[in-house]
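Remarks on the structure that follows.
Every number in this text was worked out from the coordinates using simple rules, so none of it is lab data. Keep in mind it's a predicted model, so treat the numbers as computed, not measured. Positions of Cβ are backbone-derived with ideal geometry, glycine not excepted, and every protein chain shown enters the neighbour counts.
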Amino acid sequence: MTKSLRIHNTHTEIGVGKILCLGRNYAEHVKEMNAQFPEEPVIFLKPTSSLVRNGEAVFYPPISQNMQHEVELVVVIGKTGKNISEADAYDYILGYAVGLDMTLRDIQAKAKKEGLPWTVAKGFDSSAPVSDIVPKKIIADPGDLTITCKVNGSLRQSSSTKNMIMPVNRIVAYLSSIFVLEPGDLIFTGTPEGVGPVKIGDVIEAEITGLIRTSHRILAY
């Protein structure tokens, strides 16, 4: 089944393609995870089956005892491109959204220890909540946005995209050197510090301050 996102304040739906994700893109998050600063960008993928829209539930997989939230700016690609230059990158962007990279931290820790992929920890069903899309013409500078995450109304994460190690245009250029970027592809640009656990029954909200937000209740399978 094709998954889609709505352009904010319209009836237009955009089919979602690849979900490309960047890890370790905020220095304070790297520090809180006791991780190494990457020499090259850390890239992983989520399947489209992981996508859920505003208001839809996030399901807590029984294989984990430690599901955590990671709020992120999401870039939505608007046209096909390969080997895009940093100078031209914004021409290929349709708009932006706010998303949550829901992570099974215990499963991820085990995979890291054993040198295995993060696929299960990052790509399970409902692990990618994403808001409606804000057209890029509304956002003057994606490098100066405040993104936040609240759990049951309590602020957990708050940072500015100006703190990203790799900015949006460089992310798009880098990814396009590896993958053909196509309309509807989503790019999760990394999370700031403040990640933490959620439990069944919690309500989690992610927001680009003053522009768009997405809200989800955590349910048991």
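Panel note: the C-alpha atoms of the range 29-84, placed on their principal axes, show extents of 41, 32, 18 Å (largest first).
Couplings 3J(HN,Hα) of the range 198-205, computed from phi: 10, 10, 4, x, 5, 10, 10, 10 Hz, in residue order, whole Hz [Karplus 6.51 cos²θ - 1.76 cosθ + 1.60, θ = phi - 60°; x for Gly and Pro].
Only sites in a loop by DSSP and with at most 14 other Cβ atoms within 10 Å count here; which GluC sites (Glu not before Pro) in the range 72-136 make the cut? Kindly include the intermediate steps, with their values, before the conclusion.
Values: sites: E72, E86, E114; in loops: E86.
In loop regions of the range 72-136 (DSSP not H, G, I, E or B), the sparsely surrounded GluC sites (Glu not before Pro) are E86.
So if a site counts as exposed when it's one of the trypsin sites (Lys or Arg not before Pro), its DSSP state isn't H, G, I, E or B, and it has at most 15 other Cβ atoms within 10 Å, what's the longest stretch of the chain without one? Please list the in-between numbers first.
Numbers: sites that count: K79, K82, K199.
By the stated rule (loop sites, at most 15 other Cβ atoms within 10 Å), 83-198.
Approximating the spin labels as points 7 Å out from Cα along Cα→Cβ, the I200-to-E86 distance works out to 4.8 nm. Taking only the C-alpha atoms of the range 124-217, Rg followed by Dmax gives 14.4, 41 Å.
Largest mean-square fluctuation among D106, D185, D132, in a Gaussian network model of the chain whose springs join Cα atoms under 10 Å apart, belongs to D106.
Assuming charge only on the beta carbon of Lys and Arg (+1) and of Asp and Glu (-1), the dipole of the chain about its Cα centre is about 320 debye to the nearest 20. Placing a label point 7 Å from the Cα of I178 along the Cα-to-Cβ line, the residues of the range 75-119 whose backbone N sits under 18 Å from it are 75-77, 81-86, 101, 112, 115-119. Computed from backbone phi with θ = phi - 60° and the Karplus coefficients 6.51, -1.76 and 1.60, the 3J(HN,Hα) list for the range 137-150 is 5, 7, 10, 5, 9, x, x, 9, 10, 8, 10, 9, 9, 10 Hz; x is used for glycine and proline. When the helices in the chain are scored as -39500 (n - 2.57) per DSSP H run of 4 or longer and the sum is shared across all residues, what 222 nm value do you end up with, to the nearest 500 deg cm²/dmol? Helix contribution divided over all residues of the chain: -3500 deg cm²/dmol.
One Cα centroid belongs to the range 142-161, the other to the range 166-194; the line between them spans 19 Å. Looking at the range 4-220, the DSSP beta bridges with both ends there are about 80 percent antiparallel.
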